[in-house]
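Here the structure is laid out as structure tokens; the discussion comes afterwards.
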Amino acid sequence: MDAVNGRFDLTAIVTTTHLLSRPSDRPMKPAFILLAALLLMAFHPLSAADTLLIAEGKPLAEIVIAEKPARMTKLAARELQTVLAKMSGATLPIVSERSPDKPALFVGKSRHTEALGLATNDLDHGAFRMASGPGWIALLGPDRDFVPIEPWGRNRSKSETDRVNAAWDAITGDTFWNAARDLHFRYHADLDVWDQDDAGTFNAVNEFLRGLGCRWFAPGELGEVIPRRDRVALPQVDRTVVPDFAVRRFVYYTEHTGIGDKALWNLRLGLNHGAEILGFPQICHGSKFVIKREEMKKAHPEMYLMRDGKRDTSHKDDGVPDLLSPVMLEKQVKHARAMFDHFKEPMHNIDLVDGYGGLTADDPAWMAQLTPERGWDGSMSDHVWSYLDRVARELYRSHPDRLVSALAYSAYTLPPLKMAKLSPNLALIEVRHRQEFWDEALWNQRRAMRAEWLKKLPSGKYLTWDYSTNSRPEQAGRPVYYTRQIARDLKELKGISLGEQVEIYSHPAGKEETFGYDELAVEHLNLYLAARLYWDADQDIEALLADYYRSYYGPAAAAMKAFIEHAEANWMHMGHDAAKIGESLALLATAKGAVDPKSLPGRRIRQIEDLTKPLHALRQQLSRKSETDLSYRILETHQAVGKSMQTKPLDGKVDSSWWGEVRIAPLLPTLSDPAGRPAPGRFQVLREGSVLYFGITCDEPDMKGLRISTTKPDDPAIFDGDHVLVLIETAMRPAYEIAINPAGAVYDADQATGGRGVEWSSGAQIAVHRDADRWSIEIRLPIVGEEAFTLDPTKGIAGAQPKELYPWRFNIGRIRMAGGKIERTAYSPSGKEELRVPEKFAKLWGK
């Protein structure tokens, strides 16, 4: 929302701009007028006789700040100076005393702005003022510096953790985890600002620069657009700009290692961390701070849920709270009160530990609270929200002026049925995936759910939590754009939601180059648009996109528009439709051909090309015929057995103490009417890092009758006796096979066109064990990466790890010759005596 005083005439604008927000007292213009406005300047035009700040690349003005400016003011002044220098070549000096003969750009509050009567005390959440007069312009916000309250952590070392926890113990008289241990994440030393610092002045500076045509579509220099200008004039402006959403928070996977230039990008997008509303700790899973400490686990085991005969104090390193425990309720209330009293938190999160959804317990009373008949989303709603409401009501009695928050998430996403109204101090955070709202049924389902939640929420405090995680290594490839969903959703949330947090995948700091793609190559557009719409949700999305195409891609604007519009309509089909992938790649190739590859637009398109590389192999795989829907999901070792397979002796014994009892799949007759009944067989597949573990068991009533045809490696005679055959097709290579016999002989080959046959080595470690009534195999199979075949076609399985979006195809078969006859069994029966039938290969995938 933009409150405007004085003249602000869109028809008279003269320089490229993107309006931060539309004047609230003006009707919405037709799209073509708004697009014209985006091509012009957001300030009143000046005659040739008006004041110039920069002329012919020479500085004529100065940037004026307070003698003791706030941190964000200093950064804003540097930002203004730096960008204007990039734009014009002129470096404006930063001073605290104004020269009487020079135009002034007042940045932040100072005695100069006070003398002009420019107040910002009534502004919050990054709102700002822009005002001008003869020879001056002022760009300012409240300039509030965040001051952390002790004890807070300066790093994650054990000694620092012990220090802040000990100090917290002295304050609370208990053994809670100090939520301020990780507060240092919020400070950016390279910028010398905290996320909690008010950024109103910085926002004013960047709105001024946007009026000159500057854009920051993505982090870093490649993501910025700064036009060349020899002259910059002093505009006439009087605006107070207030955002539609108070909380505008982006959080990144790698915050614990630093987020680099994304911190400055966040500021340039006008984000607001929202600590003045939400408090400083994370806004999820707040109960972990109550139960995480080992001292608490030892002193109060009754707080932890009884599972599998013992108190679960190890789940995700935190443990699982027992919501029926009076001690758990007492401790959580005590912890929250301490957060309110000592850290002066306006809101505190009381949500459950991550992974609570879907758990089971030994206690029948606990299990009786579950409501599986409501489906996954509601199976724990009454159970969880009953507890959270009790905590909230206890806190409302002692701190009626504070709020608590919790997530509508996982198995407790739906509103509870047994409570008409929740506690008056309870704020709700709805966790969702906005990109899925292309599905109208899902979109309308979410809208209906929100309406039901609001009926039960006396506080009216409602926020959303969205995800931007399509660039995770197991998902990266599809160009997932959802610009219309962003615009439609935020327009509807305006006036309902306090704001939003977006959880964003980012590569680990210092390891970005190892991934081979920029994680924001596509996602930056979704994030940029959301950030702009947080300020004014009524902006014309088509005008914003037109500005983006033209500014970011230059000569390839039309081609990139075609690519992005196609991607937005079809990304959800690219996991199974080879034709859609082909269309998308062709459109991207057209855009690539429209620009110099070394130009900025060319390099930006190359980023998208790098990200979408997996689509080429997926397209080939999808183009091959498949005659089975059989699918095997690989579990990670910690999910299956809770320990590392790397420490297991490789002895061929597929015992449950190491392999667990999950995802055991049978080997079935390859023919529908086999003669006799084949001996049973079964297998499991686990993953740990970049290694796959296969455990295969072959029951054998006649161990002495096993036919062992060779003991030599890569001897084709192996196929003349008892053996197991593992057939693998990755997105990169279609015909790997590994045969193992009961003597431990191994034959591995790449039988695809261009392969090296038996010259190829899988690099697998294999062990065979023979028992009285069975023989079994353990395989450690390394995945060597997508470029492996190019680097060395003789070694390793070439491909990325099998994922849901980019699976492998496989089959495991057994040829049994004991007893004088041939029996063939397989995971995916081929219907033939031959196992090598690619059309019958099953899907192999994991997370």
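Checked against (1) at pLDDT 95 or above; (2) buried (at least 22 other Cβ atoms within 10 Å of the Cβ), residue 318 passes all but condition (1).
If you take the residues of segment 709-725 that are surrounded by 17 or more Cβ atoms within 10 Å (Cβ to Cβ) and in contact with a Gly (Cβ under 8 Å, 6 or more places away or on another chain), which of them is nearest to residue 810 (Cα to Cα)? I'd like the intermediate steps shown before the answer.
Our first condition is that a residue be surrounded by 17 or more Cβ atoms within 10 Å (Cβ to Cβ); within segment 709-725, this holds for 709-710, 714-715, 718, 721-725.
Imposing the further condition that a residue be in contact with a Gly (Cβ under 8 Å, 6 or more places away or on another chain) reduces the set to 709-710, 724-725.
Numbers: 709: 25, 710: 25, 724: 13, 725: 10 Å.
Within segment 709-725, the match that is nearest to residue 810 (Cα to Cα) is 725.
Here segment 411-430 is the region considered, the condition is being of a type in the set (A, V, I, L, M) and in a loop (DSSP other than H, G, I, E, B), and the residue that is farthest from residue 355 (Cα to Cα) is 420.
Return the residue satisfying two criteria in turn: it lies in segment 717-739 and is among the small types (Gly, Ala, Ser) and over 15 Å from residue 758 (Cα atoms), and of such residues it is nearest to the chain's Cα centre (by Cα).
Going through segment 717-739, the residues among the small types (Gly, Ala, Ser) turn out to be 717, 721, 731, 735, 739.
In the following step, the residues that additionally are over 15 Å from residue 758 (Cα atoms) were identified as 721, 731.
Values: 721: 50, 731: 25 Å.
Top of the filtered list is 731.
Contact map, segment 332-352: residues that are in contact (Cβ under 8 Å) with a residue 40 or more places away in the chain and of a type in the set (Gly, Ala, Ser) paired with residues that are assigned to a helix (DSSP H, G or I) and open to solvent by 10 Å² or more (accessible area, probe 1.4 Å), Cβ distance under 9 Å, separation 6+ or inter-chain. Pairs shown: 336/394; 338/171; 338/172.
A single member of 691, 746 is more than 29 Å from residue 772 (Cβ to Cβ), open to solvent by 10 Å² or more (accessible area, probe 1.4 Å) and not aromatic (Phe, Trp, Tyr), and it is 691. Note on segment 297-327: residues that are touching a residue at least 24 places away in the same chain (Cβ under 8 Å), assigned to a helix (DSSP H, G or I) and in contact with a strand residue (DSSP E or B) (Cβ under 9 Å, 6 or more places away or on another chain) total 3. In the set (1) of a type in the set (D, E, K, R); (2) part of a helix (DSSP H, G or I); (3) open to solvent by less than 50 Å² (accessible area, probe 1.4 Å), the condition left unmet by residue 393 is number (3). Exactly one residue out of 247, 242 is open to solvent by 20 Å² or more (accessible area, probe 1.4 Å), closer than 23 Å to residue 463 by Cα and among the aliphatic types (A, V, I, L, M): that is 242.
The sole residue among 705, 721, 695, 681 that is in contact (Cβ under 8 Å) with a residue 12 or more places away in the chain and touching a helix residue (DSSP H, G or I) at 6+ places or on another chain (Cβ under 6 Å) is 695.
Which residues, counting only those in segment 377-390, are of a type in the set (D, E, K, R) and open to solvent by less than 40 Å² (accessible area, probe 1.4 Å)? Answer for segment 377-390, where residues must be of a type in the set (D, E, K, R) and open to solvent by less than 40 Å² (accessible area, probe 1.4 Å): 382, 389.
Checked against (1) modelled with pLDDT of 95 or more; (2) in a helix (DSSP H, G or I); (3) of a type outside the set (Val, Ile, Thr); (4) open to solvent by less than 40 Å² (accessible area, probe 1.4 Å), residue 592 passes all but a single condition, namely (4). Answer yes or no: is there a residue in segment 251-273 that is in contact with an Asp or Glu (Cβ under 7 Å, 6 or more places away or on another chain) and not β-branched (Val, Ile, Thr). Yes, that holds for at least one residue.
Among the residues of segment 803-818, count how many are more than 20 Å from the chain's Cα centre (by Cα) and either assigned to a strand (DSSP E or B) or not aliphatic (A, V, I, L, M) (or both). Of the residues in segment 803-818, 10 are more than 20 Å from the chain's Cα centre (by Cα) and either assigned to a strand (DSSP E or B) or not aliphatic (A, V, I, L, M) (or both). Just a yes or no: is a residue in segment 431-438 open to solvent by 60 Å² or more (accessible area, probe 1.4 Å), closer than 18 Å to residue 499 by Cα and assigned to a helix (DSSP H, G or I)? No, that holds for no residue.
Given the options 163, 129, 154, 144, name the one that is assigned to a strand (DSSP E or B) and either crowded, with 23+ Cβ neighbours inside 10 Å or within 35 Å of the chain's Cα centre (by Cα) (or both).
Working: 163 fails: assigned to a strand (DSSP E or B); 154 fails: assigned to a strand (DSSP E or B); 144 fails: assigned to a strand (DSSP E or B).
Within the list 163, 129, 154, 144, the selection yields 129.
Evaluation of residue 85 against the conditions (1) in a loop (DSSP other than H, G, I, E, B); (2) surrounded by fewer than 20 Cβ atoms within 10 Å (Cβ to Cβ) shows that the sole unmet condition is (1).
Go through segment 472-492 residue by residue and tally those that are buried (at least 20 other Cβ atoms within 10 Å of the Cβ) and out of contact with any Pro (no Cβ under 8 Å at 6 or more places or on another chain). Give the steps one after another, and end with the answer.
Step one: of segment 472-492, the residues buried (at least 20 other Cβ atoms within 10 Å of the Cβ) are 476-483, 486-487, 489-490.
Keeping just the survivors that are out of contact with any Pro (no Cβ under 8 Å at 6 or more places or on another chain) gives 478-483, 486-487, 489-490.
Residues meeting the conditions: 10.
If you go through segment 510-523 and keep only what is farther than 18 Å from residue 222 by Cα and either part of a loop (DSSP other than H, G, I, E, B) or among the hydroxyl-bearing types (Ser, Thr, Tyr) (or both), you end up with 510, 511, 514. When residue 352 is tested against (1) within 20 Å of residue 463 (Cβ to Cβ); (2) crowded, with 23+ Cβ neighbours inside 10 Å; (3) at pLDDT below 95; (4) of a type outside the set (Phe, Trp, Tyr), only condition (3) is not met. The C-beta contact set for segment 356-380 (first residue touching a residue at least 60 places away in the same chain (Cβ under 8 Å), second residue surrounded by fewer than 18 Cβ atoms within 10 Å (Cβ to Cβ), distance under 9 angstrom, 6+ apart or interchain) comprises 366/306; 366/324; 366/360.
Going through (1) more than 32 Å from the chain's Cα centre (by Cα); (2) crowded, with 16+ Cβ neighbours inside 10 Å one by one, residue 328 falls short only on (1).
When restricted to residues that are of a type in the set (Asp, Glu) and either under 21 Å from residue 693 (Cα atoms) or open to solvent by less than 10 Å² (accessible area, probe 1.4 Å) (or both), segment 798-847 contains 1. For segment 365-376, indicate whether the set of residues that are open to solvent by less than 20 Å² (accessible area, probe 1.4 Å) and farther than 19 Å from residue 304 by Cβ is non-empty. Among the residues of segment 365-376, at least one is open to solvent by less than 20 Å² (accessible area, probe 1.4 Å) and farther than 19 Å from residue 304 by Cβ, which makes the answer yes.
Quick check: is even one residue across segment 271-288 more than 30 Å from residue 400 (Cα to Cα) and surrounded by 18 or more Cβ atoms within 10 Å (Cβ to Cβ)? Even if it seems obvious, please write down each step before you answer.
The initial filter retains those residues of segment 271-288 that are more than 30 Å from residue 400 (Cα to Cα), namely none.
No - not one qualifying residue is present in segment 271-288.
Taking segment 562-586 on its own, how many of its residues are open to solvent by 50 Å² or more (accessible area, probe 1.4 Å) and in a helix (DSSP H, G or I)? I'd like the intermediate steps shown before the answer.
First pass over segment 562-586, keeping only residues open to solvent by 50 Å² or more (accessible area, probe 1.4 Å): 565, 569, 573, 576, 579-580, 583, 586.
Next, only the ones that are in a helix (DSSP H, G or I) stay: 565, 569, 573, 579-580, 583, 586.
Summing the residues that are open to solvent by 50 Å² or more (accessible area, probe 1.4 Å) and in a helix (DSSP H, G or I) in segment 562-586 gives 7.
Going by what's in this entry, would residue 606 be described as under 30 Å from the mean Cα position of the chain (by Cα) and open to solvent by 70 Å² or more (accessible area, probe 1.4 Å)? Considered against the rule, which asks whether it is under 30 Å from the mean Cα position of the chain (by Cα) and open to solvent by 70 Å² or more (accessible area, probe 1.4 Å), residue 606 comes out as yes.
Residues 193, 237: which one is over 26 Å from residue 491 (Cα atoms) and in contact with a helix residue (DSSP H, G or I) (Cβ under 6 Å, 6 or more places away or on another chain)?
Values: 237 fails: in contact with a helix residue (DSSP H, G or I) (Cβ under 6 Å, 6 or more places away or on another chain).
Being over 26 Å from residue 491 (Cα atoms) and in contact with a helix residue (DSSP H, G or I) (Cβ under 6 Å, 6 or more places away or on another chain) holds for just one of 193, 237, which is 193.
Please work out if residue 627 is charged (D, E, K, R), over 12 Å from residue 479 (Cα atoms), modelled with pLDDT of 95 or more and surrounded by fewer than 19 Cβ atoms within 10 Å (Cβ to Cβ). Can you show your working first?
On the way: charged (D, E, K, R): yes; over 12 Å from residue 479 (Cα atoms): yes; modelled with pLDDT of 95 or more: no; surrounded by fewer than 19 Cβ atoms within 10 Å (Cβ to Cβ): yes.
No.
The values are calculated or read from the model by the stated rules, or taken from the named source; none is laboratory data. None of these values were measured; they are calculated from a predicted model. Here the Cβ is made from the backbone with ideal geometry for all residues, glycine too, and neighbour counts use every protein chain on show. Please note that ligands, DNA and RNA were not included when accessible areas were found on the heavy atoms of the full protein model with its side chains. Shrake-Rupley method; radii C 1.70, N 1.55, O 1.52, S 1.80 Å.
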